[in-house]
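Everything on this sheet refers to the single structure shown next.
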Amino acid sequence: MKLDLAPLEREIAEAPLEDLPTLVGDLARLQSRAALRIAAPAIRKPEQGTPEAPDRLLSVKEVSERLGRSTSWVYRHKPDLPFYRSLPGGRGGFSEAGLARYLKRR
């Protein structure tokens, strides 16, 4: 499936400069959603005997609150956290299901 990106390209070319940061943010959000769909099968590991449910990526703030740690601690330790997932495009996220399993084992 090939999308027609011409309208989007026109929108970028014609948008006022002050609107471009918002547009770039919207594009980044869409890119993250697409990357998550690509990576979702790799980060979903449902418990045996339960139907597969979609996983959700948590923010650093949500992870810090659930772990009882600061956001800076989460940023520093994310490579060591078993529920952190690297995603295409240099992005990453924290698997909600993975965090639940992590907390259950602790």
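Working only within region 57-106, note down all residues that are of a type in the set (D, E, K, R), out of contact with any Leu (no Cβ under 9 Å at 6 or more places or on another chain) and touching a residue at least 12 places away in the same chain (Cβ under 8 Å). Result: LYS78, ARG101. Selection within region 55-71: residues that are in a loop (DSSP other than H, G, I, E, B) and in contact with a helix residue (DSSP H, G or I) (Cβ under 7 Å, 6 or more places away or on another chain). The member of this set that is surrounded by the fewest Cβ atoms within 10 Å (Cβ to Cβ) is SER70. Residues that are surrounded by 14 or more Cβ atoms within 10 Å (Cβ to Cβ) and part of a helix (DSSP H, G or I) within region 72-99 comprise TRP73, VAL74, LYS78, GLU96, ALA97, GLY98, LEU99, listed in sequence order. Of all residues in region 26-45, none satisfies being among the basic types (Lys, Arg), modelled with pLDDT of 90 or more and part of a loop (DSSP other than H, G, I, E, B).
The values are calculated or read from the model by the stated rules, or taken from the named source; none is laboratory data. This is a predicted model, so every value here is computed, not measured. So basically every Cβ, Gly included, is an ideal-geometry build from the backbone, and we count neighbours across all protein chains shown.
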